[in-house]
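Colleague: Let me begin by handing over the structure; questions about it come next.
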Amino acid sequence: MKKEKSGGLLNQKIGRRSFLKWSGAVAAPAVLGTSIGFTKLKEADTVLAESKDSTEKIYYTSNGNNCGGRCVIKAHVKNGQVVRISTQIKEEENGQPALKACVRGRNYRNMTYHPDRLKYPMKRVGKRGEGKFERISWDEAIDTIASEMKRITKKYGPASRYSVYGWGNGYGVTSDISSVNKLLALTGGYLNYRGNYSSFQTGTATPTIYGTGSSGNSYSSLAYSKVIILMAHNPGATVFGTTMRTYLMKARENGAKIIVVDPRYSESAKGLADEWIPIKPTTDTALMDAMAYVIYTEGLHDQAFLDKYCIGFDEKTLPEGIDAKESIKAYLLGEKDGIKKTPEWAEKITGMDRNTIKYLARLYATNKPGALMLGNGGQRHAYGEQHPRGGALLACMTGNVGVLGGWASAKGDCAGRPSGWQSRFSSATNPVEASISCFTFTDAIFRGTEMTAEDGLQGADKLDTNIKLIFNFSGNALLNQHSDINRTKEILADESKAEFIVVNDIFMTPSAKYADILLPGTTFLERNDILNPWSDEGYVTVQQKVLEPLYECRDEYEVCAAIAKKLGVYDKFTEGKTRREWMDDYVEAVRESVDPNFPSFDELCKKGVHFFPMDDITIAFEDFVKDPKVNPLSTPTGKIELFSKTVWDMNQHDEIPAIPKYIAAWEGPEDPLIEKYPLQLIGWHFVRRCHSIHDNQPWLEEAEKQVMWMNPIDAKKRNIKDSDKVKVFNDRGTIFIPVHVTNKIVPGVIAVPQGAWHSADKNGNDVRGSLNVLTNSRPTAWAKANPQHTNLAEVEKA
Amino acid sequence: MGQVGFYINQAKCTGCKACQIACKDKNDNKVGILFRRVYEFEEGISTKVNGVFKTSLQSASLSISCNHCDNPKCVQGCPTGAMHKRESDGVVLVDHEKCVGCKYCTWNCPYGAPQFNDDLGMMTKCDTCLDLREKGENPACVDACPFNALEFGEISELRAAYGTINEVSGLPSAKFTNPNIVITPNIKE
């Protein structure tokens, strides 16, 4: 029997040592370079937790990285080493879907044992950004950080200190960022940031409409939808909620029609949907305006809903003192600007055929209940704040708000689910009140003192100092994930601006190269935590420590505690608790506020996941729709503010209108710059990466290579063939990347999967295909957020 | 147990390759060795007339390992008898006491299933995760699929449930080897 098993023999022959050997042999793709500046590496297998237990044991765990989903990972451990990863297969006893890991989750064994792991603390020895480092002791690292914190705080004040947004690898009850922020808060404070790079536009706009970002039903409601439109939304690859895909599949089984509107034929278009309708990037709101026009002029709208629950669809419900021509109806009919927002009008902007626009409008308006679900991709452009507002308008016009199978659209976090965000760890108050949008941190490095409310500065009229000290823990937004990499490099490289940069990570990322002190972090398999999915789905997963930290890697909580000790705030930082004890504190907090029967941490480790007691289905704004007087929304009027007086009073009507309006994007299809750079460039979330995480993972690179998509029409014009290496460029920089010539992208648009680790050749050109070399650092009008799908570029054969 | 096989529901497959990575993890396969592979097919064209897009694009991913064929060409072409089809359930296996690494099987298999392992100097391939099956579990790829697009079982039962389609756009004709797969296609004829 044994000799028949090819797998069995292979396992016998390739033992632990040789596994590590081959994992070393295949290391990173050549373009990434190897272990820059490392001195001799420790032998990987000498520091692994030794265990004589040769029987395979399975431990539940879960990764709290920067993914919206939380899946159940089963770590198979033998002889002290993780030998295999598997995942939850069967649905929960309570009928909740299995929380299956995606392609990224299947690679975690390699990620943990990757030979390029940062192994010990290092200090910079070359120029900043050059990537030359020298090994130091943990004592020296902690001493240096503490003394630099003291020096800079004394010289420039606490507002000169900043903790960069980004959750690459650290998330949960005592996440890396909350550890850093607590440390900074306890030692004088730090410049706050608002928002994120994922959803700040919709996060800013949606609450002005609905009073909350939780405008989604539970995903289980989707099983009752008759039509589902996924606009700029790709749950087939990006996991915003782990249970979402199950219910989309259920909806389809139940006969729902699922349509994907996207410039790309996405994974969702292929495996989850019935139809793909392509569109030009940045023009979704023109489509939605035209759909609204069709629905209104054909009398398919729910006038009673608009009258009873909404502000500003027509003159009847406009706030007092606002001219009738400012209503949505007046806008659609062109009463002020003379432009009717017809399908013919939108056809020219979107590239979508007028009949297709009519079809989509009628389909959505006549198949109720329907769910118009917006992805965050649609709001990540110059005027992305209009995207969720357009969605909300259509949901209200069709009365799909507050009903089973409907969807109020806009941001769409699940409403009414018990929340797992209950950590009491980060309770320290930051004495500094000033805050910037996270996307403007590079500005705050070189012109912080010049920033005003117009730049999104809040909590202070002005800043007394620029950013001088930077903590970048577990994120890659210091450089790689921020727009305009060449600009950022220049800002970061200047040691007279940001004087001290501390980075913590598990790999030498492009951001890590800009560290003055670089610390080796732990992976989720090396620490305990409890994790919540982004959109409250009503469950938490356990992150169970199954390995002692490898090499000299240290848990970030321990690192911040050690710095706190140097600075005399250890007790305030830890509050007398170890990281493990904060898990117990979390359990206590959840028992008090959400679920008295919440399991202990040890019990949670045995179960892997805990679902809070809750209704099978929850409907956003159900109570409000039942009785809007008794259950008003938390908007100023208590109603759905399709016209927002608050926004009107901001008095920036051209760029921040009071109603949803299509605004032609700079570097969009209507920008004259398109003469020079004729292609719209967008990024997308690559199925084999989570943002920039996993870029250096060989199995995942084998699964999906970093390539740019280009339509055959555009390729032919440039004499480009499939697999050719091309040069993609605009005024901000140049990347080299292989091209995939495909009809899966609309003509006139090119797409580069975002998150590839920037790697420059001797001329400073990127050779890995890192999108942000080409993206714009100009923030959006309203949220001051990242507009990373708003780029024009040109391509030629390399 | 009778002949076993895989059911592949292309209509639900997003092409994510979770199955491929789960297979590699289970079998410790380095880059270049793919017991399970995911291919993508694309048909149709796009046009842009007066700035308006039209597309007839159809696309599908196909996740495939060894099809444990009724008429396995890899077995017929093996000079040492290492590649064999076991009687009990029709799984095609490599006997590593006989394999000399000549790679004839890779030339004969129209599906690219046998995978040469440099470290062993021998051929390796999908064995339907025999060890997991002995424990009553599914092959790793099947349990990995987030979209439940793969199933494993007796081919007669899979055919009764899902029909008899065993070739789709991009695959060689089934007549050569009689593969034990059932497919629900995503590309409409």
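Colleague: Scan A:N786, A:N763 and give me the residue that is crowded, with 23+ Cβ neighbours inside 10 Å and either of a type outside the set (D, E, K, R) or within 14 Å of another protein chain (Cβ to nearest Cβ) (or both).
Modeller: One residue alone meets the criteria, A:N786.
Colleague: Need pairs with beta-carbon distance below 6 Å; first residue among the basic types (K, R) and within the range A:456-484, second surrounded by fewer than 23 Cβ atoms within 10 Å (Cβ to Cβ); sequence gap 6+ or separate chains.
Modeller: Pairs that qualify, where the first residue is among the basic types (K, R) and the partner is surrounded by fewer than 23 Cβ atoms within 10 Å (Cβ to Cβ), are A:K468/A:I152; A:K468/A:Y156; A:K468/A:E499.
Colleague: Give the number of residues within the range B:29-47 that are in contact with a helix residue (DSSP H, G or I) (Cβ under 6 Å, 6 or more places away or on another chain) and either within 7 Å of another protein chain (Cβ to nearest Cβ) or loosely packed, with under 14 Cβ neighbours inside 10 Å (or both).
Modeller: So the count comes out to 2.
Colleague: Further, regarding this structure: Condition check: aliphatic (A, V, I, L, M) and surrounded by 24 or more Cβ atoms within 10 Å (Cβ to Cβ). Does A:I485 satisfy that?
Modeller: yes
Colleague: Of the numbered conditions (1) part of a loop (DSSP other than H, G, I, E, B); (2) within 14 Å of chain B (Cβ to nearest Cβ); (3) within 18 Å of A:P657 (Cβ to Cβ), A:A290 satisfies every one except a single condition; which is it?
Modeller: The failed condition is (1).
Colleague: Within the bounds of the range A:362-374, is there any residue that is out of contact with any Leu (no Cβ under 9 Å at 6 or more places or on another chain) and within 23 Å of A:F240 (Cβ to Cβ)?
Modeller: Within the range A:362-374, not a single residue is out of contact with any Leu (no Cβ under 9 Å at 6 or more places or on another chain) and within 23 Å of A:F240 (Cβ to Cβ).
Colleague: Another question, then. (1) touching a residue at least 60 places away in the same chain (Cβ under 8 Å); (2) under 30 Å from A:T635 (Cβ atoms): which one isn't true of A:E315, the others all being true?
Modeller: Failed condition: (1).
Colleague: Restricting to the range A:719-732, and then to whatever is outside any loop (DSSP other than H, G, I, E, B) and open to solvent by 10 Å² or more (accessible area, probe 1.4 Å), can you tell me which residue is farthest from B:G15 (Cα to Cα)?
Modeller: A:N730
Colleague: Can A:E490 be described as of a type in the set (D, E), touching a residue at least 24 places away in the same chain (Cβ under 8 Å), outside the structural domain of A:S777 (by the TED database) and surrounded by fewer than 24 Cβ atoms within 10 Å (Cβ to Cβ)?
Modeller: In short, no.
Colleague: Can I ask one more? So which strands (runs of 3 or more DSSP E) stay within the range A:167-274 end to end and still have 3 or more residues that are more than 30 Å from A:Q543 (Cα to Cα) and within 14 Å of chain B (Cβ to nearest Cβ)?
Modeller: A:257-261
Colleague: Can you confirm whether B:V91 is more than 9 Å from chain A (Cβ to nearest Cβ) and either over 17 Å from B:I33 (Cα atoms) or open to solvent by 10 Å² or more (accessible area, probe 1.4 Å) (or both)?
Modeller: When the stated conditions are applied, B:V91 does not pass them.
Colleague: Could you please let me know if A:S198 is under 20 Å from the mean Cα position of the chain (by Cα) and closer than 30 Å to B:S61 by Cα?
Modeller: yes
Colleague: If we scan the range A:733-746, do we find a residue that is more than 14 Å from chain B (Cβ to nearest Cβ), in contact with a Pro (Cβ under 7 Å, 6 or more places away or on another chain) and either at pLDDT 95 or above or not in a loop (DSSP other than H, G, I, E, B) (or both)?
Modeller: There is no residue in the range A:733-746 that is more than 14 Å from chain B (Cβ to nearest Cβ), in contact with a Pro (Cβ under 7 Å, 6 or more places away or on another chain) and either at pLDDT 95 or above or not in a loop (DSSP other than H, G, I, E, B) (or both).
Colleague: Of all residues in the range A:101-132, count the ones that are basic (K, R) and open to solvent by less than 20 Å² (accessible area, probe 1.4 Å).
Modeller: 6
Colleague: Further question: Could you please find all residues in the range A:236-246 being touching a residue at least 60 places away in the same chain (Cβ under 8 Å), open to solvent by 10 Å² or more (accessible area, probe 1.4 Å) and not polar (S, T, N, Q)?
Modeller: Once the filter is applied, which keeps residues that are touching a residue at least 60 places away in the same chain (Cβ under 8 Å), open to solvent by 10 Å² or more (accessible area, probe 1.4 Å) and not polar (S, T, N, Q), the range A:236-246 yields A:V239, A:F240.
Colleague: Being within 13 Å of another protein chain (Cβ to nearest Cβ), open to solvent by less than 10 Å² (accessible area, probe 1.4 Å) and not in a helix (DSSP H, G or I) is the filter; apply it to the range A:697-718 and report the residue that is farthest from A:N480 (Cα to Cα).
Modeller: Restricting to residues being within 13 Å of another protein chain (Cβ to nearest Cβ), open to solvent by less than 10 Å² (accessible area, probe 1.4 Å) and not in a helix (DSSP H, G or I), the top hit is A:N711.
Colleague: Condition first: without any contact (Cβ under 8 Å) to a residue 60 or more places away in the chain and either within 17 Å of A:M122 (Cβ to Cβ) or open to solvent by 20 Å² or more (accessible area, probe 1.4 Å) (or both). Now tell me which residues in the range A:547-563 satisfy that.
Modeller: Within the range A:547-563, A:P549, A:E558 meet the criteria.
Colleague: Could you look through the range B:1-28, keep only residues that are at the interface with chain A (Cβ under 9 Å from one of its Cβ atoms) and among the aliphatic types (A, V, I, L, M), and pick out the one that is farthest from B:G170 (Cα to Cα)?
Modeller: B:A22
Colleague: Would you mind finding the one in A:A269, A:A304, A:A273, A:A286 that is at pLDDT 95 or above and open to solvent by 40 Å² or more (accessible area, probe 1.4 Å)?
Modeller: A:A304
For (1) in contact with a strand residue (DSSP E or B) (Cβ under 9 Å, 6 or more places away or on another chain); (2) open to solvent by less than 60 Å² (accessible area, probe 1.4 Å); (3) within 18 Å of A:K325 (Cα to Cα); (4) not assigned by the TED database to the domain that holds A:K329, each residue gets a yes or a no:
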position	(1), (2), (3), (4)
A:V630	no, no, no, no
A:F643	yes, yes, yes, no
A:A665	no, yes, no, yes
A:P678	yes, yes, no, yes
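Colleague: Going by the conditions given, is A:G769 open to solvent by less than 10 Å² (accessible area, probe 1.4 Å), small (G, A, S) and not in a strand (DSSP E or B)?
Modeller: For A:G769, the condition - open to solvent by less than 10 Å² (accessible area, probe 1.4 Å), small (G, A, S) and not in a strand (DSSP E or B) - is met.
Colleague: May I ask you to say which residue of B:G112, B:G136, B:G153 is in a strand (DSSP E or B) and more than 8 Å from every other protein chain (Cβ to nearest Cβ)?
Modeller: Result of the check over B:G112, B:G136, B:G153: B:G153.
Colleague: Let me ask something else about it. Please find, within the range A:545-574, the residue that is farthest from A:L525 (Cα to Cα) out of those that are at pLDDT 95 or above, of a type in the set (S, T, Y) and assigned to a helix (DSSP H, G or I).
Modeller: Step by step, filter the range A:545-574, then rank; the result is A:Y570.
Colleague: Another question, then. Return the residues of the range A:731-784 that are among the hydrophobic types (A, V, I, L, M, F, W, C) and more than 30 Å from B:S56 (Cβ to Cβ); say none if nothing qualifies.
Modeller: A:I735, A:F736, A:A756, A:W757, A:A760, A:V767, A:V773, A:L774, A:A781, A:W782, A:A783
Colleague: Of the residues that make up the range B:97-104, is at least one open to solvent by 60 Å² or more (accessible area, probe 1.4 Å), within 8 Å of chain A (Cβ to nearest Cβ) and either part of a loop (DSSP other than H, G, I, E, B) or closer than 24 Å to B:A18 by Cα (or both)?
Modeller: Within the range B:97-104, one or more residues are open to solvent by 60 Å² or more (accessible area, probe 1.4 Å), within 8 Å of chain A (Cβ to nearest Cβ) and either part of a loop (DSSP other than H, G, I, E, B) or closer than 24 Å to B:A18 by Cα (or both).
The values are calculated or read from the model by the stated rules, or taken from the named source; none is laboratory data. What you are looking at is a predicted structure, and each value in this text was computed from that prediction instead of being measured. As a convention, Cβ positions derive from the backbone with ideal geometry for all residues, glycine included, and neighbour counts pool all protein chains shown. Note: areas computed on protein heavy atoms with side chains; ligands, DNA, RNA excluded. Shrake-Rupley method; radii C 1.70, N 1.55, O 1.52, S 1.80 Å.
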